[in-house]
Amino acid sequence: MFVIVGGGICGLAIGWRLAAAGRPVTVLERGEAGRGATWAAAGMLAPQAEAEHAEEALLPLAMESCARWRGFADELLAASGIDVDYRDEGTIVVALDRDDREHLEHRFDYFRTLGLDLEWLSGYEARQREPCLARAVTAAIYSASDHQVDSRRAAAALKAAYLAAGGILREGVAVDEILVSGNRVTGVRAGDEEIAAEAVVIAAGAWSRNIPGIPEAARPPVRPLKGQMIALRMETGNPILRHVVWGPGLSLVPQVYFAPKSDGRLLIGATVEEMGFDTGLTGGGLFELLRQAYEALPGIYELPVDETWAGLRPASRDDAPILGPTSVDGLVMATGHHRNGILLAPVTADYVARYLLDGEVAAAMRPFMLDRFRRPVEATA
Ligand SMILES: Cc1cc2nc3c(=O)[nH]c(=O)nc-3n(C[C@H](O)[C@H](O)[C@H](O)COP(=O)(O)OP(=O)(O)OC[C@H]3O[C@@H](n4cnc5c(N)ncnc54)[C@H](O)[C@@H]3O)c2cc1C
């Protein structure tokens with residue numbers, strides 16, 4: 001049997017693939033499945049708009065996953081009956097003043113060196129697409145292929161699809177120890193119960209590093225990175241926004257973004273804070289989000305607040321996911337997805353499941369294995 005530790009989007013998606021292949025699999029989830037970082041996420045599938053210097057290695061994997069999402073969403077709908085609210089209007093990144101505009105031009109040039117398919121818009125053209133954007137918007141970049149889903153619906157759909165395929169989900173069961181004998185994983189311990197497994201997948205998000213029993217050499221370098229979010233409620237039938245919109249990225253505070261959902265919620269995120277496992281909301285965090293959001297989209301002033309929350313991104317040392325086998329036989333990673341875990345769910349599920357089912361390490365997964373952190377610097381350069 002396969003055991004998966006953690007019932008977030010990664011654990012559920014891998015479990016679904018394994019169960020659908022007819023293999024016995026159990027997901028052990030300490031709380032309620034889908035209530036970790038997956039619950040907190042904005043659901044953006046934005047490999048282009050979020051491309052960063054020093055993360056070029058991640059771009060092909062992120063682009064591949066983004067391209068797979070529409071099919072993944074269709075497959076989930078067929079398997080679960082749940083629509084994940086896949087939206088393909090695209091993403092707009094706006095500049096508000098001259099400094100922003102210069103910064104955006106610089107990013108646009110950089111994006112072009114990466115061969116990304118983006119369009120430069122004047123402020124007027126940006127407002128033609130999104131009439132409620134502030135008059136101060138002077139320029140924008142439009143990415144037609146950066147889409148979005150509702151991450152909470154995606155988790156619900158995955159849970160239903162996984163169960164329908166015959167997977168076992170045990171919620172409220174924390175894994176207290178990974179059991180290893182010699183250099184091979186033998187199972188896990190949850191309380192007094194030992195559960196034998198031929199392979200154990202660590203999909204425990206921000207908590208992945210701290211699970212007792214993982215040998216030091218196979219401990220994933222993952223830490224929590226807190227993000228506070230706000231949801232406002234848009235007028236029914238008259239949403240203030242249709243695209244995902246990113247604010248300017250120049251200031252020291254993180255770039256604000258908007259993700260409008262079909263149920264009328266307008267998600268605004270997100271802070272980026274090194275606060276350990278703290279998930280408290282702060283006046284300063286929410287104030288900064290709203291202040292920046294108001295500058296780009298003044299119409300939010302009138303909108304009722306629907307919800308506020310914070311979640312923990314599972315950030316790895318190099319911000320890329322940690323996937324596949326480790327130096328311990330049968331111990332497999334699916335963690336460290338940082339701010340891209342929703343985007344990367346389809347490739348994570350397919351590549352990790354393929355390894356578990358056939359022993360095949362896909363070429364696209366190899367650069368993201370745990371051993372990249374152990375290799376000498378010359379070898380990885
Ligand atoms: C504010 C915010 C906004 C984000 N926006 C986006 C976005 O727009 N697009 C995007 O792609 N990504 C986004 N992300 C990132 C994304 O949410 C994560 O990368 C993704 O959800 C990680 O999924 P996961 O399954 O690895 O982890 P999680 O969803 O955190 O699931 C891990 C699960 O493991 C369980 N667990 C932990 N320890 C144990 C144990 N010992 N035993 C049993 N169970 C255990 C936890 O309870 C949890 O349910 C965002 C994250 C945040 C915080």
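A few comments on the model shown:
- Computed E for F287/E360 - FRET, C-beta separation, R0 45 angstrom, nearest 0.05: 0.35
- Approximate spin-label separation W309-S122, in nm, with each point projected 7 Å along Cα-to-Cβ: 4.2 nm
- Estimated dipole of the chain in Debye, rounded to 20 [Cβ of Lys and Arg +1, of Asp and Glu -1, Cα centre]: 360 debye
- DSSP bridge orientation in the chain - percent antiparallel, rounded to nearest 5: 70 percent
- Amide N proximity, the range 283-322 versus R233 label position 7 Å along Cα-to-Cβ, cut-off under 12 Å: 303-307
- Per-selection metrics, the range 1-138 (Cα): Rg and Dmax in Å: 19.4, 59
- Added length on full extension, which subtracts the Cα-Cα distance from 0.36 nm per residue, L77 to R135: 16.9 nm
- Net charge, G8 excluded, C-beta distance under 9 Å - Lys, Arg +1, Asp, Glu -1: 0
- Between helix 345-358 and the chain there is an angle of about 20 degrees, using the helix long axis and the longest principal axis of the Cα atoms.
- Viscosity 1.002 mPa s, 20 °C: Kirkwood-radius Stokes-Einstein D of the range 145-291 over Cα pairs, µm²/s: 113 µm²/s
- Taking other C-beta atoms within 10 Å as the exposure proxy, R372, R153, R317 rank R317, R372, R153 from fewest upward.
- Gyration tensor over alpha-carbon atoms, the chain, equivalent ellipsoid semi-axes in Å: 36, 22, 19
- The phi-based Karplus calculation (6.51 cos²θ - 1.76 cosθ + 1.60; θ = phi - 60°) puts the 3J(HN,Hα) values of the range 13-25 at 5, 5, x, 4, 4, 5, 5, 5, 7, x, 9, x, 8 Hz, whole numbers, x for Gly and Pro.
- When each of D109, D97 is scored by the number of other beta-carbon atoms lying within 10 Å, the sequence from fewest to most is D109, D97.
- Using C-alpha pairs under 8 Å with a sequence gap of at least 6, the mean separation divided by the residue count of the chain gives a relative contact order of 23 percent.
Every read-out reported here was derived from the displayed coordinates using simple, explicitly stated rules and does not represent laboratory data. In this text, all values refer to a predicted model and were calculated from it rather than measured experimentally. No Cβ is skipped: glycine too gets one built from the backbone with ideal geometry, and neighbour counts run over all protein chains shown.
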